[in-house]
Structure formats: C-alpha cells, structure tokens
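Here is the structure we will look at, set down as structure tokens.
The values are calculated or read from the model by the stated rules, or taken from the named source; none is laboratory data. Small disclaimer: the values here were computed from a predicted structure and weren't measured. Every residue, glycine among them, receives a Cβ derived from its backbone with ideal geometry; neighbour counts consider all protein chains shown. Heads up: the accessible areas ignore ligands, DNA and RNA and are worked out on the full protein's heavy atoms, side chains in. Shrake-Rupley method; radii C 1.70, N 1.55, O 1.52, S 1.80 Å.
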Amino acid sequence: MTRLSRPVLALVLLMGSSSFVAADAVFDAPAPFTGQVSFSGPNRSPAYPGGAVEVSGEGFAPGQIITLSRGGDLISPEGLSADQEGKFSFPLTLPADAVTGQHPIVVEAEGPDSAAVVDLKISPEIALSGGEKYTSRSVKTAPGVYQVAYSARNGTVFTASATGRGDKGTSSIVKFDATTLEKLAEASPYFDKENGLYGAFGIAVDDENGTVWVTNTRTSSVAIYKQDDLTLVKQFEPGSVEKPRDVVIDQARGRAWVSTHRTRIEEFDLKTLQKLEGFEVQSAERGGQFGTMSLVLDADKGQLYTVSLRTPEVARIDLTSRETTIIPLPGAKTASGVDIDPPSGRIFIASQGSDDVIALDTDGKVLFDTPVGAQTLNVVFDAVSGQLYVANRASDTITVVDAATGAISANLDGHSFPNHLAVTPEGVVFAVNKARGPEDAKADQLTRIAPAE
C-alpha cells in the first residue's frame, strides 16, 4: 500500500468501479506554489553523472515541510523544512550511471499545500583533449563581453561588451588586430540621462561600407560605428527594435538583418541606414511562439536561417519571397546557435537545454546529435577543416566536432563561460568568454585559435 504524506487524504477504491472517491479528505483552499528550487554543482559548475549537487530552495513559507522526489523515489532528507527565511538546502550525490538530460523532480510543500515540477539537468562531462592540435593566444577585452566579429577586408576583430544596467553599467566596443591581438581602438556606446549607457551586445561588420553594427539590447535599439576609429555614425532611438540580439550583414541585398527576443527579424538598409519593413517568424507548433536567436546567411541562395529558443525549430527564410520553411529539431531544448555549410545545405544547431550539437541535411533529416558539454550556446562551421567549433558555456569548453560524422576530434579549454565564436575564411577561430566572478583570472578574454603548424 502506498504511504501518503497526509493520512487524512486516504483514498478508497469503490469495488466494481474505476473511480476513486476521497474519504475524510481535506480539500481546503489551494495554495500557489511560490518557491524556487535550483540545482548546482560545486562552484556553480554543471551537474554531472556521479557528481555532487547542491539543492537549494527559497520563497517558501517558514516551517513548510518540503519533499523532493524523482520517479516516486525520495531524494530529499526526511523532515526537510524551510527555515525562518523560507529557504532550505541539502547535498545530493548523483548516481554514476545517471542518464544525461533533464530530469523532472516533483517538489511538494505542506502547510500550506502546493506542488510543482522542476528540472534537474544532468550534463555530459567531456574530458579535455586534442589541445596539441591547436595554437591559442588570449588577451583581455572589456568586461562582460558578449560577441565577436571579424573583418576579412581589414584583418581586424571587434568585441561587444556590457555589464550591469543603465548608468550603473559599463559597455565597450573594442577593435583588435586579428593577427597580433593588439588593441587598436575602443569606444563606449551612446549615453543619455533617461536610459543610461545603451550597452553593446550583438556585433557584426559591414566591410563594404566600413562600418560596425551593434545591437543595444538594454534600450531596444541599434547603433552603427565607423570601423577605422569606432566613431558613432548613427544611433537608433530607444524602443525602435524590441530587445535585439544578433545582427548579420547581407551585402548582396544591401541589408542588415537583426533578430529580436520575440518573433520578429528586423531589416535595415546598409546605405541609407533606414529601418525597413522586416518580418515575423511563426512557429509551426500549435500554440508555439518562435523565439529568434542566432542568425546565419546563405548569401548565394538568398536564405537566412535562425533558430528558436522557445520551440524546437529552425527557420529558413527566402529573402526574396519572404517565405519561411520551419524545420523541426527533435530532441533540441532551448536552441540558441546556428550555422550552415552552404554547398551541402547542412544545418548545425547548438542547444543550451539539451547540451548538444545537431546536424540536419537540407530536408531536415537528423544526421547526428552529439552531446558536447553543458549549456551549448554557439556553433560555427569551418569550411577549411570541415570541423564545427562549439562553445559550451557552463562547462568552460570549446568542442571541435567533425561536421560530417559528429565525432568529437578535440575538446579545448574555453576559459570561463565561453559565449560566442567567429571563424575566418582561413580557418582561424576567435572566441570570447565572460567572467565566473570578480576575481576570475580567465575572465573577459578574446582568444585566437588556429590549427598547429
């Protein structure tokens, strides 16, 4: 007989009937679940099979009895209760044979009664390997670096960085020599009293017009700078582009395309610097809402690709007709990065929630699904070597994957929280990483990765 947490909720099965009725049950006013539960490895590391996990909760009523279970098995200590601040914590050691993925944990609270299901994500732990195949060099860039962009015409690299909010934050656009990593120029984004410092997040270069495009996510705007000295060319008004993320330059059509944190992709003229019509990307899932993230352009075919954070989908947009093909991503959770191999039509997707890189053929057939690390954030395809470089933010690694087979050929130290990658036509990769804390010696770096000679 199953032991209930509250004996007064004993349920009686009527003989000859498939229905249950409650005997002396207490169905008082339902209480909303107000608590928050999180899982973390040591020093904010991911949860790995066989590893230690700190389980913590907050927002509960003082003295509430808390029970956590997985598949009906108790994983929390007997008699666990929230303290006077509504918090609790306890250590948990995962089984060595724990399967990677997101595991549903049932959280029950008594007095008042409420319940919820939260996910414990167990990530693949991939050992470092293949470092001898590459040479790498790193320099500091501005704090809170988000993205990196490469100028093939000028042999320069640009980073966009931002920390904090408003007048209490910092932000910079920094220009480096792509070979020596010497800092060549630095500029701060626009500032006004009402909005504070606008903040530089996404970045792309327009070599034809000698400009750098930056997305100001804080203020929902976009800015354009000169490549040579980073002087401001144009600052769009706050609210003109809702929460922009990525920007990609389309020289063939004279356009800059900007993804947003909603369903829209905004459109700008590279010559006039005017905002144009743009378009919506609709999910094919019933009730689903596409959440545009990274962008990649197939210039020859006039196709733009983006991946959805909210639904397991990738979109291919014909930029002439504006027709969109939605391709499902089975197994992907919270996808964020996308790149392509234009000659073959293959699509590569990095997903934070499922910790993997997925390859699709041009018809959407899954070619491989390779676990690569924790919180897989970004992917770039190197046509010279036929390799993928994948940034795994939470496991501090950059994984090199054979784009034809999905096999891991190297797993490199990506410093703390690798966040974004860019690849040159010659097969050199630039990576940027964020800070794990104020004393992090590996924080906020621009790294140049090249095959060893």
| task | Kindly check whether there is at least one residue in segment 212-227 that is free of Cβ contacts under 8 Å to residues at least 12 places away in the same chain and either surrounded by 23 or more Cβ atoms within 10 Å (Cβ to Cβ) or farther than 16 Å from Ile327 by Cα (or both). | result | no
| request: Specify which of the listed residues (Pro91, Pro62, Pro77) is of a type outside the set (Ser, Thr, Tyr), assigned to a strand (DSSP E or B) and under 17 Å from Val37 (Cα atoms). | output: Pro91
| request: For segment 250-265, enumerate the residues that are more than 20 Å from the chain's Cα centre (by Cα) and open to solvent by less than 10 Å² (accessible area, probe 1.4 Å). | output: Asp250, Ala256
| Is it true that Phe430 is open to solvent by 10 Å² or more (accessible area, probe 1.4 Å) and not small (Gly, Ala, Ser)? | no
| task | Please work out which one of (1) assigned to a loop (DSSP other than H, G, I, E, B); (2) at pLDDT 95 or above; (3) out of contact with any Asp or Glu (no Cβ under 9 Å at 6 or more places or on another chain) is the condition Ile449 fails and give its number. | result | (1)
| request: Examine segment 437-444 for a residue that is open to solvent by 20 Å² or more (accessible area, probe 1.4 Å) and within 24 Å of Tyr305 (Cβ to Cβ), and state whether such a residue exists. | output: no
| field | Residues of segment 161-187 satisfying the condition of being within 20 Å of Ala435 (Cβ to Cβ) and in a strand (DSSP E or B) | value | Ser161, Ala162, Thr163, Thr170, Ser171, Ser172, Ile173, Val174, Phe176, Lys183, Glu186
| If only one of Val247, Val233 is more than 23 Å from the chain's Cα centre (by Cα) and in a strand (DSSP E or B), which one is it? | Val233
| query | Does Ala452 satisfy the condition of being over 15 Å from the mean Cα position of the chain (by Cα), open to solvent by 20 Å² or more (accessible area, probe 1.4 Å) and under 21 Å from Arg44 (Cα atoms)? | reply | no
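Going by the structure shown, is Phe201 in contact with a strand residue (DSSP E or B) (Cβ under 6 Å, 6 or more places away or on another chain), open to solvent by 20 Å² or more (accessible area, probe 1.4 Å), free of Cβ contacts under 8 Å to residues at least 60 places away in the same chain and closer than 24 Å to Gln445 by Cα?
Spelling it out, Phe201 is indeed in contact with a strand residue (DSSP E or B) (Cβ under 6 Å, 6 or more places away or on another chain), open to solvent by 20 Å² or more (accessible area, probe 1.4 Å), free of Cβ contacts under 8 Å to residues at least 60 places away in the same chain and closer than 24 Å to Gln445 by Cα.
Take the residues of segment 266-299 that are in contact (Cβ under 8 Å) with a residue 12 or more places away in the chain and among the charged types (D, E, K, R): which is surrounded by the fewest Cβ atoms within 10 Å (Cβ to Cβ)?
Just the residues of segment 266-299 that are in contact (Cβ under 8 Å) with a residue 12 or more places away in the chain, to begin with: 266-271, 273, 275-276, 278-285, 288-299.
Pick out the ones that are also among the charged types (D, E, K, R) and you get 266-267, 269, 271, 275, 280, 285, 298.
Details: Glu266: 23, Glu267: 18, Asp269: 13, Lys271: 9, Lys275: 17, Glu280: 12, Glu285: 15, Asp298: 17.
The qualifying residue surrounded by the fewest Cβ atoms within 10 Å (Cβ to Cβ) is Lys271.
Tally time: how many residues in segment 314-353 are open to solvent by 30 Å² or more (accessible area, probe 1.4 Å), among the polar types (S, T, N, Q) and either assigned to a loop (DSSP other than H, G, I, E, B) or farther than 23 Å from Ala299 by Cβ (or both)?
Taking segment 314-353 and keeping what is open to solvent by 30 Å² or more (accessible area, probe 1.4 Å), we get 316, 318, 320-326, 328, 330-331, 333-334, 342-344, 346, 352.
Retained after the next criterion (residues that are among the polar types (S, T, N, Q)): 320-321, 324-325, 334, 344, 352.
Restricting the remaining residues to those that are either assigned to a loop (DSSP other than H, G, I, E, B) or farther than 23 Å from Ala299 by Cβ (or both) gives 320-321, 334, 344, 352.
Looking only at that region, the number is 5.
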| message | So the check is Cβ under 8 Å with 6+ separation or different chains; which pairs have a first residue in segment 126-137 that's at positive phi and a second one that's in a strand (DSSP E or B)? | response | Gly130/Val400; Gly130/Ser409; Gly130/Ala410; Gly130/Asn411; Gly130/Leu412
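If I filter segment 53-67 down to residues being aliphatic (A, V, I, L, M) and in contact (Cβ under 8 Å) with a residue 40 or more places away in the chain, which single residue comes out as most open to solvent (accessible area, probe 1.4 Å)? Reasoning before the result, please.
First pass over segment 53-67, keeping only residues aliphatic (A, V, I, L, M): 53, 55, 61, 65-66.
When the remaining residues are screened for being in contact (Cβ under 8 Å) with a residue 40 or more places away in the chain, the result is 53, 61, 65-66.
Details: Val53: 5, Ala61: 33, Ile65: 66, Ile66: 3 Å².
Selected residue: Ile65.
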| said: Against the definition (modelled with pLDDT of 95 or more and either buried (at least 18 other Cβ atoms within 10 Å of the Cβ) or closer than 25 Å to Val99 by Cα (or both)), how does Val380 come out, yes or no? | reply: yes
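Going by the structure shown, is Gly50 loosely packed, with under 14 Cβ neighbours inside 10 Å, within 27 Å of the chain's Cα centre (by Cα) and under 30 Å from Pro330 (Cβ atoms)?
Details: loosely packed, with under 14 Cβ neighbours inside 10 Å: yes; within 27 Å of the chain's Cα centre (by Cα): yes; under 30 Å from Pro330 (Cβ atoms): yes.
Yes.
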| So, of the residues in segment 202-226 that are touching an Asp or Glu at 6+ places or on another chain (Cβ under 8 Å) and part of a loop (DSSP other than H, G, I, E, B), which turns out to be farthest from Asp192 (Cα to Cα)? | Gly210
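Please give the strands (runs of 3 or more DSSP E) falling wholly within segment 107-157 in which 2 or more residues are within 24 Å of the chain's Cα centre (by Cα) and surrounded by fewer than 19 Cβ atoms within 10 Å (Cβ to Cβ). Walk me through it before giving the result.
Numbers: elements: 114-122, 134-140, 145-151.
Those strands (runs of 3 or more DSSP E) span 114-122, 134-140.
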| query | Do we have any residue at all in segment 398-409 that's open to solvent by 10 Å² or more (accessible area, probe 1.4 Å), among the acidic types (Asp, Glu) and assigned to a strand (DSSP E or B)? | reply | yes
| request: Please go through segment 149-177 and pick out each residue that is at pLDDT 95 or above, farther than 17 Å from Lys442 by Cα and of a type in the set (Val, Ile, Thr). | output: Thr156, Val157, Ile173, Val174
| task | Kindly indicate whether any position in segment 337-349 is modelled with pLDDT of 95 or more and closer than 17 Å to Asp396 by Cβ. | result | yes
| Could you say which residue among Thr180, Thr219 is within 25 Å of Asp444 (Cβ to Cβ) and more than 27 Å from the chain's Cα centre (by Cα)? | Thr180
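Quick one: is Pro77 modelled with pLDDT under 95 and more than 29 Å from Arg245 (Cα to Cα)? Give the derivation first.
Numbers: modelled with pLDDT under 95: no; more than 29 Å from Arg245 (Cα to Cα): yes.
It is false that Pro77 is modelled with pLDDT under 95 and more than 29 Å from Arg245 (Cα to Cα).
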